[in-house]
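Heads up: the structure comes next, in structure tokens.
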């Protein structure tokens, strides 16, 4: 009698344990589904190499918008001479973060500080979580990430007066507080989005590099929207993406 | 005796650079370091994998004694476990200096992201550290019980460290050794996983062709065994008067190191030759930096000369029958493997990922050439010297080399 009770109690515990695990998995997935916003946009860029004159206005605009310190660049312009062309008509290429659909920088973060936003695909960094190990810099095949060493421009206002609007956090720059000691990267100027996560080109709420480009070489928009500028350009012109063989599926295209 | 004295002098002197380096690290952060955003990992990361390799290597060699029961290596058993603990602590200290926010190290435990090989590595070596400490305590337990009766602070320290253990019979020692065998047996796959994991941390990155190879975790393990075995040999020779007391053991260790060294060279050359034949531009760029770049001597003199040719020339010839030369060869291996570690980390990152990236902006943090700054060397030498001090202290205060005589002390 005792034995039967014992074994049935054990069975009960076993079933309860299995049930609890199953329930927690279901609950976890339900919470995930409820708290993860559905994909609304796929922000991306289409950069016209034929229109780029290499003026680097995008680099400066980005620095002014995001108040990045020396050594931190969210975009740079590379200059590649054409074969046999020498300095005559080199190919210029502005290179922001590509906000890959399969970003290799995200899975390697030991603390999950960098992630791809589920709502619009922008790859961001949580400055308060990032420990500054720089594994993501090693993992990025495009050199899109910089480490903030805490350097400051000599002629800029005192460090305490610099406020970056990044992530709408308006952090005051101090010698040791984040983002000093963090990895930093292009955010597609997401601080210019409204509460609904929309940009507005007419109102000037548009990534600084694209807004500034005097040659209209940088086109920004929703790659998921077939009517957007970027989608139209991709249909009409020949585009390439860098290092496609790595399977990163970048959201930035170059027109040739 | 003179060797010991030199050992202590170097160790104590290194406290000066360590103090200055730590002060600068705490007051100026990373500003004085020479790595940047193109080469984000520098000397400290190389030093970290060097030390973590020494730890895994000496622990795995201690398993010869505690798992496989090879009697002739018994004199270095406890020393090996102790060195594994010390070099693990040094490795963790170094990598702690390297992260951007010292105060956030706990986040790797609180918010682990298990898709990251780094998170796996951290959790595995935390487990490994706990296992090492428990195993080491069990190995020392009876001696601590015996030492309780020592007069003064030594007895007091032993009473505290013994954690209330009182049994000092031979049966209790045998019981300890049974537990040690279980722990050491668990430790073997653990050490293989975590050090292979360190190799995988580099190997998984498809963005870095120089690292992206299935051989990488294996090479890490073999180099760990070779360098760890070499360090054990040197330490035993210096502190246990090994070339007189355990002549045959030093010679045997030398033979093991030789075998591991040749196996490591085989893997390294396979890796290099396959990459060279394939001639993938990204791989070639890194390889040519290592072999013919501005720091070619790290490869040819450090890695090949000191780390391979000299030790092989000693260990594989009649010179290898003299324990003093074996010690010298092993010291060369330890030094040469600093070059091996540097040549893994730096050239892998120094190759431009996008052509023209480092010329796109004129900024010292956007350069492909990297040489450690004085600040980085201060920390590196400081932590290295701290290791000498810790090993020295252990040798003085812990019965690492021989058991205390139970009967005389217990009376």
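Derivation of every value follows stated rules applied to the coordinates shown; laboratory data play no part. On a predicted model such as this, the values are computed, not experimentally measured, just so you know. No Cβ is skipped: glycine too gets one built from the backbone with ideal geometry, and neighbour counts run over all protein chains shown.
Go through B:393-399, B:59-65 and give me the packing order, highest mean Cβ count within 10 Å leading.
Numbers: B:393-399: 15.7, B:59-65: 24.7.
Those peptides, ordered most packed to least, come out B:59-65, B:393-399.
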Open item on the list: Suppose only helical runs count, i.e. DSSP H with n ≥ 4. What mean residue ellipticity at 222 nm does that imply for chain A under -39500 (n - 2.57) per run, divided by all residues and rounded to the nearest 500 deg cm²/dmol?
Closed with: -8000 deg cm²/dmol
Open item on the list: If you fit an axis through the alpha-carbon atoms of helix B:281-292 and take the longest principal axis of the Cα set of chain B, what angle between them do you get, 0 to 90°, nearest 10?
Closed with: 60
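For chain A, what proportion of DSSP beta bridges, expressed in % and rounded to the nearest 5, is antiparallel? Kindly include the intermediate steps, with their values, before the conclusion.
On the way: 21 of 25 bridges.
Bridges in chain A that DSSP calls antiparallel: roughly 85 percent.
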TODO: State the Kirkwood hydrodynamic radius of the protein assembly as shown in Å, one decimal place, computed from all pairs of distinct Cα atoms.
DONE: 27.8
Open item on the list: Report the rotationally averaged projected area of chain B based on its alpha-carbon convex hull, in square nanometres.
Closed with: 21.3
Open item on the list: Can you compute log10 of I(q)/I(0) for segment B:232-314 with the Debye formula, treating each Cα as one identical point scatterer, at q = 0.12, 0.15, 0.22 Å⁻¹?
Closed with: -0.50, -0.68, -1.04
- [ ] Return the inverse of the average 1/r over all pairs of distinct C-alpha atoms in segment A:1-129, which is the Kirkwood hydrodynamic radius, in Å to one decimal.
- [x] 20.0
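What does the structure give for B:27-33 when I average, per residue, the other chain Cβ atoms found within 10 Å of the residue Cβ? Before the final figure, lay out the partial values.
Numbers: counts 2, 4, 9, 9, 6, 1, 2.
Going residue by residue through B:27-33 and averaging, the value is 5.
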Task: Whole-percent pair-distance distribution, where bins are 10 Å wide, for the alpha carbons of chain A - done: 6, 25, 31, 18, 8, 5, 4, 2, 1, 0
Task: Peptide B:97-103 - average C-beta neighbours from other chains (10 Å radius) - done: 6
- [ ] Given the options B:339, B:29, B:348, state which has the largest fluctuation in a GNM of chain B using a 10 Å cut-off (strictly under) for Cα springs.
- [x] B:29
Task: Taking A:222, A:11, B:369 and counting other C-beta atoms within 10 Å, the order from fewest to most - done: A:11, B:369, A:222
- [ ] Please work out the Cα convex hull volume for segment B:75-219 and give it in Å³ per residue.
- [x] 154
- [ ] Between residue B:403 and residue A:161, take the C-beta separation as r, use R0 = 60 Å, and let me know the FRET efficiency to the nearest 0.05.
- [x] 0.35
Open item on the list: Taking each residue in B:230-239, count the Cβ atoms of any other chain within 10 Å of its Cβ, then average. What number comes out?
Closed with: 0
Task: Rounded tilt (10° steps) of B:374-397 against the dominant C-alpha axis of chain B - done: 10
- [ ] May I ask for the angle, rounded to the nearest 10°, between helix A:57-66 and the longest principal axis of chain A, with both axes built from Cα atoms and the value confined to 0 to 90°?
- [x] 40
Open item on the list: Cβ neighbours within 10 Å, averaged per peptide: list A:164-173, B:379-388 in order, most packed at the top.
Closed with: B:379-388, A:164-173
Open item on the list: Counting only helical runs of four or more DSSP H residues, what would the 222 nm mean residue ellipticity of chain B come to if each run contributes -39,500 (n - 2.57) and the total is spread over all its residues?
Closed with: -24000 deg cm²/dmol
- [ ] Any chance you could check the Cα centroid distance between segment B:271-325 and segment A:157-229 for me, in angstrom?
- [x] 47
